[in-house]
Amino acid sequence: MLAAAMMVCLGHGSNDVANSISPFLTTLAVSGDQVSLAYIIGILGIALGLLCLGFKVMETVGKKVV
């Protein structure tokens with residue numbers, strides 16, 4: 001059960017990154033710039049969000065939603 005929950009979280013987080021960087025990624029690809037910059041910004045954004053407010057999200061899901 002724990003492994004399944006971790007896989008769901010990984011899939012959900014991956015989808016969030018894809019949704020947030022896809023417009024930027026498309027813009028970079030059309031202009032001919034490096035697309036790896038969009039991936040780096042997406043990774044840093046998700047990590048920063050987790051560090052800043054991740055504990056509040058975990059508390060809400062763990063105590064108030066379930």
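A few points about this structure:
- Coupling constants for the range 37-46 follow from the phi torsions by the Karplus curve (6.51 cos²θ - 1.76 cosθ + 1.60, θ = phi - 60°), and in residue order they are 4, 5, 5, 5, 5, x, 4, 5, x, 5 Hz; glycine and proline get x.
- Per residue value of the accessible surface for the chain (all protein chains in place, 1.4 Å probe), Å²: 82 Å²
- Figure legend: label point modelled 7 angstrom from the Cα of Tyr39 along Cα→Cβ; residues of the range 7-24 with amide N under 18 Å from it are 11, 13-24.
- Counting only the Cα atoms, the chain fills a convex hull of 89 Å³ per residue.
- Angle in degrees between helix 2-31 and the longest Cα principal axis of the chain, rounded to the nearest 10: 20 degrees
- Of all accessible heavy-atom area on the range 1-54, the percent that carbon and sulfur account for (1.4 Å): 77 percent
The values are calculated or read from the model by the stated rules, or taken from the named source; none is laboratory data. Since the model is a prediction, treat every value here as computed from it, not as a measurement. All Cβ positions, even for glycine, are placed from backbone atoms using ideal geometry, and neighbour counts span all protein chains on display. Quick note on the areas: whole protein, heavy atoms, side chains included, nothing else; ligands and nucleic acids left out. Shrake-Rupley method; radii C 1.70, N 1.55, O 1.52, S 1.80 Å.
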